[in-house]
Amino acid sequence: MDHNPFREGLSHTRRADPVTVVIFGVTGDLTRRKLLPALFALYRKGVSRLGVIGFARRDWQTEGLRQRAGEILRDAPDATDEQRAAFVNQLSYVRSTFDETAGYRELARQLPKDGDRLFYLSTPPESYEAIIRNLGEAGLNRPGGGSIRVVVEKPFGRDLESARRLNRLLADYFDEQQIYRIDHYLGKETVQNIMLLRFGNGIFEPLWNHRYVEHIQITVSERLGVEGRGNYYDSAGALRDMVQNHMFQLLSLTAMEPPIDLQADSIRDEKVKVVRAIGPIAPSELDTHTCRGQYSSGYSDGTAVPGYMQEDGVPPDSRTETFVAIKLFVNNWRWSGVPFYLRTGKRLRRKVSEIAVTFRTPPLELYSNRHPTMTRNTLIIRIQPEEGITLTVNTKIPGYTTDMRPVNVDFAYGSAFGESTLEAYERLLFDALVGDSTLYTRRDEIEASWRFITQLLEGWQNSQSRPQLYEPGSSGPHGARALPGGAGHRWRKL
Ligand code: BG6
């Protein structure tokens, strides 16, 4: 693995090798929102001599791509006009469908002979196969002067079988070390901090197990609806769109054993064990361990919003879930018997991503009878917004009595470091440029998560049930409340 200054917390003391990034699907939304801004940031910081070639079907020319890039980057923070012009003027464009071999010949012609190459697959997944095969057939998968890497965007498959097929196809042309399956949650600063918090401090790890932890909640809620992505979303649903990838990453970082070192594979070895240990949910448990919801029409921030079934691209009788809550168990020595509650959904009350670890009550409840406000200590890792960590502790209210009240011990990234956190894509692209795959998903991790998810999907399909409707701006469907209720636990307020 190359030297990675981000990992070591240093400024860019060494550059990545010169690299050409080829973005397949450069005309798409992800390029506009994330990839170009991130590449430009890396370019400005001088982390590498960087060239970018866009490859897409749309009838653009190099000039058109440059002009659009100029517009996209117009408001890039801290950038000068010279930097912008220099970045934009090195962009070039290959116009081709993804299965036309001539397009790949043209790409080969435009690629510099030396230096590294990073192929970024940012197209709809239906095109992955053509791109991977054609890169292989054109010999572009074979290292010449430098290394070759390929980044694959989500969705990576739609069930276990399709994920396996895609993995096999990739393996026909690339080594596992060259394949970077992206999950942008791993690029978030606070997500990386989960491991640091756990393994860089002495006080948490002794408590981080079934003896002291009562339950763990992982929430990723959003206020927005499907935002014009109805077509894609309806074939995915919340389970595929959020749980299989982002939420399982949060779960495995929270539940994993300490790695033997910080090498990419040492970390991923431990993460995959967590996913493998998740107990399957039997068909008879679907009602008690899962709850699906779909947002109805209503009001969000006082504005009338359509229901999911009225969104563009969504069939009027869709059964796709826009909310899901799951109760699961990680059946290993550390976590045996500890429920993990996961919930995610669109059009909910608040946008929040957090992990809340709730600890057991003291062995002798000296105070609880008289003081109903006493709460269980909870450690909350806030991923967004307001990244930080909060620990709730019970404290004495000043006065003659022993009345108590929970207070928060707070750490906020913003105020502690006074600088904004790195954009996830910038961090992840940097890692791919220097060949560090720690924050990317390995083949076995993806297949293990799809194994669990596919069983659930099949269970739901066989049950013929529909998601429950919930109102925009709410905390999700009523049925979700009962999920932790059986054990006397409650969801945290959204
Ligand atoms: C994406 C999903 O992967 O993550 C979207 O496809 C979702 O549906 C998004 O909105 C959430 O990401 P973030 O970073 O805004 O929490």
Residues within the stretch 219-254 that are within 18 Å of residue 450 (Cα to Cα) and either near the ligand (Cβ under 8 Å from one of its atoms) or modelled with pLDDT under 95 (or both), tallied: 6
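Specify the residue that is surrounded by the fewest Cβ atoms within 10 Å (Cβ to Cβ); the eligible residues are those in the stretch 287-310 that are in a strand (DSSP E or B), touching a residue at least 12 places away in the same chain (Cβ under 8 Å) and polar (S, T, N, Q).
Of all residues in the stretch 287-310, those in a strand (DSSP E or B) come to 290-295, 298-300, 303-305.
Keeping just the survivors that are touching a residue at least 12 places away in the same chain (Cβ under 8 Å) gives 290-295, 298-300, 305.
Still in the list and also polar (S, T, N, Q): 290, 294, 300.
Working: 290: 23, 294: 25, 300: 17.
Among residues in the stretch 287-310 that are in a strand (DSSP E or B), touching a residue at least 12 places away in the same chain (Cβ under 8 Å) and polar (S, T, N, Q), the one surrounded by the fewest Cβ atoms within 10 Å (Cβ to Cβ) is 300.
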Residues of the stretch 303-349 that turn out to be under 13 Å from residue 233 (Cα atoms), more than 20 Å from the chain's Cα centre (by Cα) and of a type in the set (A, V, I, L, M, F, W, C), as a count: 2
Residues of the stretch 206-256 satisfying the condition of being more than 17 Å from the chain's Cα centre (by Cα), among the small types (Gly, Ala, Ser) and part of a helix (DSSP H, G or I): 230
Test result for residue 203, in a loop (DSSP other than H, G, I, E, B), farther than 26 Å from residue 147 by Cβ and away from the ligand (no atom under 16 Å from the Cβ): yes
Qualifying residue in the stretch 170-181 (condition: in contact with a Lys or Arg (Cβ under 7 Å, 6 or more places away or on another chain), polar (S, T, N, Q), over 18 Å from residue 293 (Cα atoms) and in contact (Cβ under 8 Å) with a residue 40 or more places away in the chain): no
Residue match in the stretch 329-347 (condition: part of a loop (DSSP other than H, G, I, E, B), surrounded by 22 or more Cβ atoms within 10 Å (Cβ to Cβ) and in contact with a strand residue (DSSP E or B) (Cβ under 9 Å, 6 or more places away or on another chain)): yes
Residue under evaluation residue 327, criteria (1) under 27 Å from residue 408 (Cα atoms); (2) within 16 Å of the ligand (Cβ to nearest atom), criterion not met: (2)
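The values are calculated or read from the model by the stated rules, or taken from the named source; none is laboratory data. Just so it is clear, the structure is predicted and the values come from calculations on it, not from any experiment. Every residue, glycine as well, gets a Cβ built from its backbone with ideal geometry; the counts of neighbours run over all protein chains shown.
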